[in-house]
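Note sheet for the following structure.
The values are calculated or read from the model by the stated rules, or taken from the named source; none is laboratory data. This one's a predicted model, so the numbers in the text were calculated from it and none came from an experiment. Every residue, glycine as well, gets a Cβ built from its backbone with ideal geometry; the counts of neighbours run over all protein chains shown.
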Amino acid sequence: MQQYGLFIGGKSTVPPRAKRFETVNPTTRESVASFVAGTTDDVDRAVASAAKAFPAWRDTPAPRRGEILLAAAQEMKRRKDELGRLVTTEMGKVISEGLGDVQESIDFIEYMAGEGRRLFGETVPSELRSKFCLTVRQPKGVVACITPWNFPTAIPNWKIAAALICGNTIVFKPATATAGCGAEVVRVYEAAGVPPGVLNFVTGSGGVVGNAMVADPRVRTVSFTGGVEAGRDVYVRGAQGLKMVHLELGGKNPLIVMEDADLKLALDGVLFGAFGTAGQRCTATSRIILHEEVYDEFLGLLTDRLDHFPVGDPLDPKTGMGPVASADQERKVLEYIQVGRKDSKLRYGGHKLQGGAFDRGFFIEPTIFETQHGSRISKEEIFGPVLSVLRVPSYEEAVRVANDVEYGLSSSIYTRDVNRAFRAIHDLEAGITYVNAPTIGAEVQLPFGGIKNTGTGGREAGSVAVEEFTEIKSVFIDFSSRLQKAQIDTPTMK
Ligand code: NAP
């Protein structure tokens, strides 16, 4: 079994008497690889290394940093098949999605490499003569990147590539369940020529390693993606250090099917949106809100399709859905199914899959509940292959139900009415709205993130990704050769 160390100051290191943990293949329960359970001392060394490397990396011209990112993208391309397999092996998404995770990484690193020749500031007119005003972007310093297991290469790369191009140095902690993917992402950057100390990697639990990263006064920005509970904790502790804390958290994403929708198209969208990645995407379709005129027909079509939806080995290209990612995930999802059985009508699935190869892994049937708005399963993030179906009489009620949850990440409407589509773009409370497409499928050149309890308002991806990792400096250049006083000497038309 592969044994990984920490990566600090450009070297793989294993601290003396280090405790270790292993990641587990959710399809077979076999160990995948072994990692150091990092300590607060390890975090201290990693932050010190990032702080030491910061001045030289900050002063490296941004286009040169971009060249290193392009080399990283090339390296990811070269290793795409191997890394895609690792994603599938370590967290269980089907192989096409494992490869998609890596492709998203490649796309975003390339996109951010180009940002090295932009990193735009503004030029702004002065109220005084012979005075020039502009803004420049400067890196924040040492940033902490803490990531979840569901996009185990893409989310680390969203943070790492954006932080690096802006000139920051990094301490990165991956999710414990997918530490191997995190370690290989770091190797990609190392191979691309990122200088020692610029990207440091500490594996270990959120409670120990994550906490220590957030608490360290040398860390100026924390970029966190995960659940609301941990995110709130990180936010509170980061606030005590007056840090910038960027949070990307959960979702309870609605997909509305109106009476005029192309039902076949909506059906394909729901299958992919709800059961892709076994429902473990932050943008997964977890509620479908059906207009009463198409409710029975659509639900019938959906359950018919599920009868032929292949669940099984995620490395088999014919499989539609693999296992959930871990024993913890399996336990949590099965608990929610019990909750649903009490107050909602189980329409499809609802069991742990058993027999043959299923007995080795964490497989759960695609599950559908017919429920009422307000039930627990209609409002809480389940993060598994469990879909809540809600019946509504009108567009207005569909929007009310869609918005009446604590989250606001992704949303979708299927309709052929262009006016209604534009109204939905206006009305749906979410960071992302799709029209005639499922709630999943973001592209890296657009901002990504949500409102309400989904996050703290910033966005990853797109050109705005650099906001998270830069400070804006305002610059005033006076070439009048005399003291000019703003607001006092301002020339007027009098
Ligand atoms: P999680 O349990 O919140 O963990 C996320 C990361 O935070 C992991 O690296 C975890 O370490 C670490 N962590 C946990 N507690 C911490 C603490 N007190 N201080 C610092 N770090 C801590 O989430 P998850 O189960 O990995 O991921 C699923 C969640 O992520 C879902 O809610 C999903 O919606 C959300 N998500 C959101 C987005 C988005 O962009 N909005 C994208 C993907 C996923 P350990 O692994 O060691 O526990």
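Scanning the stretch 456-468 for residues that are in contact with a strand residue (DSSP E or B) (Cβ under 8 Å, 6 or more places away or on another chain), under 17 Å from Ala154 (Cβ atoms) and either among the aliphatic types (A, V, I, L, M) or more than 16 Å from the ligand (Cβ to nearest atom) (or both) turns up just one, Ala461.
Annotation note: Cβ proximity below 6 Å between a residue of the stretch 435-456 that is among the small types (Gly, Ala, Ser) and a residue that is in a loop (DSSP other than H, G, I, E, B) (sequence gap 6+ or interchain) occurs for Gly449/Gly431; Gly449/Arg459; Gly450/Leu409; Gly450/Gly431; Gly455/Leu249; Gly455/Gly449.
Looking at Gln103, Gln138, which one is polar (S, T, N, Q) and part of a helix (DSSP H, G or I)?
Gln103
When each of Ser388, Ser375 is tested for being surrounded by fewer than 22 Cβ atoms within 10 Å (Cβ to Cβ) and either touching a His at 6+ places or on another chain (Cβ under 6 Å) or of a type in the set (Ser, Thr, Tyr) (or both), the lone residue that passes is Ser375. Please work out which residue is farthest from Tyr348 (Cα to Cα), limiting yourself to the stretch 389-411 and to residues that are in contact with a Ser or Thr (Cβ under 8 Å, 6 or more places away or on another chain), more than 16 Å from the ligand (Cβ to nearest atom) and part of a strand (DSSP E or B). The selected residue is Leu390. With respect to the stated conditions, Lys264 fails to be more than 25 Å from the chain's Cα centre (by Cα), among the charged types (D, E, K, R) and closer than 22 Å to Gly92 by Cβ. Can you say whether Ala424 is at pLDDT 95 or above, farther than 27 Å from Val333 by Cα and outside any strand (DSSP E or B), as far as the supplied structure shows? It is true that Ala424 is at pLDDT 95 or above, farther than 27 Å from Val333 by Cα and outside any strand (DSSP E or B). When Val401 is tested against the conditions (1) touching a His at 6+ places or on another chain (Cβ under 7 Å); (2) of a type outside the set (D, E, K, R); (3) without any contact (Cβ under 8 Å) to a residue 24 or more places away in the chain, the lone failure is (3). Looking across the stretch 237-259 at every residue that is near the ligand (Cβ under 10 Å from one of its atoms) and either aliphatic (A, V, I, L, M) or free of Cβ contacts under 8 Å to residues at least 40 places away in the same chain (or both), the one that is nearest to Ile413 (Cα to Cα) is identified as Leu249. Exactly one of these conditions fails for Glu429: (1) within 16 Å of the ligand (Cβ to nearest atom); (2) under 30 Å from Ile170 (Cα atoms). Give me its number. Of everything listed in (1) within 16 Å of the ligand (Cβ to nearest atom); (2) under 30 Å from Ile170 (Cα atoms), Glu429 misses just condition (2). The condition of being at positive phi and among the hydrophobic types (A, V, I, L, M, F, W, C) holds for only one of Phe309, Phe383, Phe363, that being Phe383.
The set of residues in the stretch 322-381 that are within 30 Å of Thr89 (Cβ to Cβ), in a loop (DSSP other than H, G, I, E, B) and not small (Gly, Ala, Ser) comprises Pro323, Val324, His351, Leu353, Gln354, Phe362, Phe363, Glu365, Pro366, Glu380, Glu381. Here Ile160 qualifies as at pLDDT 95 or above, part of a helix (DSSP H, G or I) and within 16 Å of the ligand (Cβ to nearest atom).
Might you let me know whether the stretch 212-229 holds any residue that is within 11 Å of the ligand (Cβ to nearest atom), over 22 Å from Gly10 (Cα atoms) and touching a Leu at 6+ places or on another chain (Cβ under 6 Å)? Yes; the residues of the stretch 212-229 include at least one that is within 11 Å of the ligand (Cβ to nearest atom), over 22 Å from Gly10 (Cα atoms) and touching a Leu at 6+ places or on another chain (Cβ under 6 Å).
Checking each residue in the stretch 274-300 for being touching a residue at least 12 places away in the same chain (Cβ under 8 Å) and surrounded by fewer than 16 Cβ atoms within 10 Å (Cβ to Cβ) picks out Glu292, Glu293, Glu297. For the stretch 233-291, the tally of residues that are over 20 Å from Arg347 (Cα atoms) and hydroxyl-bearing (Ser, Thr, Tyr) stands at 3.
Which residue out of Thr39, Thr27 is under 25 Å from Gly98 (Cα atoms) and among the β-branched types (Val, Ile, Thr)?
None of the other options fit; the residue is Thr27.
Taking the criterion of being assigned to a helix (DSSP H, G or I) and away from the ligand (no atom under 15 Å from the Cβ), the residues of the stretch 163-187 that qualify are Ala163, Leu164, Ile165, Glu184, Arg187.
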